[in-house]
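Just below is one structure, and these are the notes that go with it.
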Amino acid sequence: MKIIILGAGQVGSSVAESLVSEANDITMVDVDPERLALLQDRLDLRTVVGNASHPSVLVGAGAEDADMVLAVTAQDETNLVACKLAATMFNTPTKIARIRSSEYLAHPEIFSTVNFSVDFAICPEQILTEYIENLVEFPEALQVLDFAAGKVSLVAVRALNGGPLVGQQLQELRKHVPNVETRVAAIFRKNSPIIPEGDTVIEVEDEVFFIAAAEDIRAVMRELRKMDEPVKRVMIAGGGKIGRRLGVCLEKDYQVRIIEHNYKASERLAAELQNTLVLHGDATDENLLESENIAEMDMFCALTNDDENNIMSALLAKRMGAHKVIALINRRAYVDLVQSGGIDIAISPAQVTIGSLLAYVRHGDVAAVHSLRRGAAEALELVAHGDARSSNVVGRKVEEIQLPKGATIGAIVRGMPVTKGLFGETLGEDEVEHNESSNAQVIIAHHDTVIESEDHVILFVVNRKMIREVEKLFQVNVGFL
Amino acid sequence: MNRFLAVVNVLGKMILVFGFTMLVPLGLAFWTNDGARLIFQESILITVSCGLFMWLATYRYKRELQTRDGFLLVVLVWSVLPAFAMLPLLFYLPELNISMAYFEAVSGLTATGGTVLTGLDMLPLSINLWRGEMVWLGGMGLIVLAVAILPLLGVGGRQMLKAETPGPMKENKLTPRIAETAKGLWLVYTSLTLACMAAYKWAGMSWFDAVMHAFTTLGLGGFSSHDASYGYWDSPLIESVAIIFMLIAGINFATHFLVWRAKSLASYRSDPEVGLFVVFVLASCVGFAAYLWLVGVYADPLIALRYASFNIVSIATTTGYSSTDYSLWPVFIPLWMLFLSGFCTSSGSTGGGIKMIRARILYQQVYREMITIMHPSAVTPARLGRGVLSNRIIFAVLVFMFVYVVSIVFMTLILTLSGLDVITAFSAAVACINNLGPGLGQVGPATTYASLTDFQTWVCSFAMLLGRLEFFTLLIVFTPAFWRK
């Protein structure tokens, strides 16, 4: 696929890195030649220096025959204009824009074909906020990823002493929680994947990925570790875009405190958040943390835009007694450095965001993609199309599907609204069947489950190299039509 | 001096116009031949000629008024107009001296409703109509005051909302021009008055009483043409109508205007005062009805509810009607009623007191202070609805509150010094500053202000003006800095 990425920032470079390795032709556009040069040293891609919202720059980047434009520059306005230009001048099939301002996001109609022509608007801050919100809701989990509009979740949890299933074979799970349908998709032991079988024994410190309906998550987690008290008090360090959004989401159900070092910003924050206590100060100031009862906090989220600050304040909070600490860390080297060394969960914003971008780049009909374990593994939600003759999956039992080793089908969601055509093209508003997604039914995959057309299949892939193969499997065989 | 003369020029014009408003009672006097015809003719003649003289004599000083001139004008209008408004009373009732007549006129124009007159039922209809009309005109003037003058001082309730609050509050600047806004508000005021008249007539009043009481209900003045006030009719229906219209008049007229223009009740919901006003008043009514019934003042709970509701709404909205002598109720209730009168009505209504919005802001400030003590680093904005108030406004409200309390204390002390008992002195001070009307003790609902000495009457007149002009407008004129070039 020919892809033009506008903006070589954090997200742009991560996406490029991820896509280059999947045999795509990437052209990067940015105003900063040095940043592009650095990127080109590392990755096999083409670079164009210039303003992404200028037609000549787009022409220079080869927009005429591009399959996709990914506008992820720092300015929403540039991204919008670039998408509109791509649509008007080059008729580019897929246009994705990063839009950060909720002013624009609040009016989806401005993205329509007659207006800015943005096929998919992505707001990284929103995705991150939802990600962290899930972790606050399930404090025991390392990761909670939603599929099929939140009906199914993939949960990563570290097995600990005290979980009834720890030290037992996986097949015991069914006896322990007979009413709960779940499937363990993968186990990582000392950072290497283990393909789970019925007789696999779960050990302490194993990272277990399981798939379950959203309401069953707690029951399964209880098997793997001692449960924590539900979160009541949350402290957020940094009242930037993410901190603010998280505050808005959480303040209804939790006691939230936000620390912001800029006084003007904290005033604005305090004006917007009705039930949140906004504190002006430095999140690495132990006196402030002390006087605000850090030891009583169930969750401490360091969400400033400064990696070092986040790491230090999270470590400090942990040391001073915060129950669970989360830090936002952009630099990959740091993530490896701190995880399991004091900080409970290190979140890499680029990795979290990239999944939603990848979903649109994949072949076949992909409804959702989540990067796992810093991009090594992936979980996908694929839609099966066609019939028994034209498809390699429809009409077959799970055990009959020729999946590569390391890929597991975790769950199937039946009865989701159809939003894409046979070849992955987006259907117009009038073509979409509006059957209620609440009718959708979650089926946890067994070896004899038969996949039907239009099923959403949730797959876990322990190694990204297998993704091409999996995607190919789900593509409709045109020769049989 | 030039400033003063320029203001006198405008004042003369206003007195001239004010003189013509006496044509209404004059017409009634002609029609009913109640013996007050000559009196009104004389009053009009004096008022109009004085006005004309002031206008013409200062004509060459005429100029565009500045902000400071505005304050002076407002103070002069509110203190000089009563001097002309009292003329018919002074001429008709020879036993009335100037201080009492002036008190009565100030009480009317500031929509207070405390009276020095007894034998109201014996007065000519035209005199009573004039008393009602004073309240109504005063209420009308108040609305303009709230729109045009108080915002300049930064103490007007509306101004607090205008600049600082984002979102749905912005529409509080109703129209781009003040004159247009005033026109819109008067339209609402007049329509509501007409509706109130019709409702009173329907509920059983005579046409004359309906007109007179509609005037004093919408102005939240509380003058009645009967000594027994609403006890004269002893009709639950009339009392209900009065309750409804008193509550309406206790709400910001700008909000009424928005509702009327948008044809939707949403503005009441988003108004920062209406909800609390209604909650406070209704809770007090129900609570005290139960109390009165339990302590055995009224044997029937419904009767208790009827008397409690009417009198509490009347006092809380600073109207000052009464349907019974509530000073005989357990003393906690009348005191609570005085307390309610201090803050219940909305800014931009015809009611008095510190207004609900300031009470809300004060409460907010107390809460903020406590949060700051517990969390020294906390950033706590002063909220109003979804908006945030600047510290400038908080200070203005705090200073206003300070002046309000000091005024009450000071007036109470002066009245006590002059020989009144404490309850009378305190309640008179509160009732006058809140523009309420009846107090307790010697000036209670069953009696009048007639028993006060001349000096005490003047103090009360001043207190009414002070409360009506929201302190600063009046006090600013007494500062040397105001007169400095």
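Descriptive notes on the structure:
- Qualifying position, being under 23 Å from residue A:354 (Cβ atoms) and loosely packed, with under 14 Cβ neighbours inside 10 Å, among A:67, A:41: A:41
- Residue match in segment A:236-243 (condition: assigned to a helix (DSSP H, G or I), under 18 Å from residue A:310 (Cβ atoms) and not β-branched (Val, Ile, Thr)): yes
- Within segment A:35-88, the set of residues being closer than 20 Å to residue A:101 by Cβ, in a loop (DSSP other than H, G, I, E, B) and touching a residue at least 24 places away in the same chain (Cβ under 8 Å) comprises A:51, A:52, A:53, A:72, A:73, A:74.
- Test result for residue A:227, surrounded by fewer than 18 Cβ atoms within 10 Å (Cβ to Cβ), hydrophobic (A, V, I, L, M, F, W, C) and within 26 Å of residue A:292 (Cα to Cα): yes
- Residue match in segment A:196-219 (condition: within 14 Å of another protein chain (Cβ to nearest Cβ), buried (at least 20 other Cβ atoms within 10 Å of the Cβ) and not in a loop (DSSP other than H, G, I, E, B)): no
- Unmet criterion (only one of (1) out of contact with any helix residue (DSSP H, G or I) (no Cβ under 6 Å at 6 or more places or on another chain); (2) more than 14 Å from chain A (Cβ to nearest Cβ); (3) charged (D, E, K, R)) for residue B:454: (1)
- Restricting attention to segment B:95-132, the residues that are surrounded by 23 or more Cβ atoms within 10 Å (Cβ to Cβ), acidic (Asp, Glu) and in contact (Cβ under 8 Å) with a residue 40 or more places away in the chain add up to 0.
- When segment B:360-394 is filtered for residues that are of a type in the set (Val, Ile, Thr) and in contact with an Asp or Glu (Cβ under 7 Å, 6 or more places away or on another chain), the ones remaining, listed by number, are B:379, B:388, B:393.
- Each residue in segment B:254-307 was checked for being part of a helix (DSSP H, G or I), among the basic types (Lys, Arg) and surrounded by fewer than 14 Cβ atoms within 10 Å (Cβ to Cβ), and 1 of them qualify.
- If you go through segment A:312-325 and keep only what is surrounded by fewer than 24 Cβ atoms within 10 Å (Cβ to Cβ), among the hydrophobic types (A, V, I, L, M, F, W, C) and not in a loop (DSSP other than H, G, I, E, B), you end up with A:312, A:315, A:316.
- When residues of segment B:375-399 are limited to those that are in a strand (DSSP E or B), without any contact (Cβ under 8 Å) to a residue 40 or more places away in the chain and out of contact with any His (no Cβ under 8 Å at 6 or more places or on another chain), the one nearest to the other protein chains (Cβ to nearest Cβ): B:383
- If the condition is being charged (D, E, K, R), within 28 Å of residue B:483 (Cα to Cα) and part of a helix (DSSP H, G or I), then segment B:19-74 contributes B:60, B:68, B:69.
- Output for segment A:271-305, where each listed residue is more than 10 Å from every other protein chain (Cβ to nearest Cβ), out of contact with any strand residue (DSSP E or B) (no Cβ under 6 Å at 6 or more places or on another chain), crowded, with 17+ Cβ neighbours inside 10 Å and outside any loop (DSSP other than H, G, I, E, B): A:289, A:294
- Residues of segment A:378-390 classified as surrounded by fewer than 23 Cβ atoms within 10 Å (Cβ to Cβ) and touching a residue at least 40 places away in the same chain (Cβ under 8 Å), total: 5
Read the figures in this text as sums done on the coordinates, not as results from a lab. What you are looking at is a predicted structure, and each value in this text was computed from that prediction instead of being measured. Note that each Cβ is placed from the backbone with ideal geometry, even for glycine, and that neighbours are counted across all protein chains shown.
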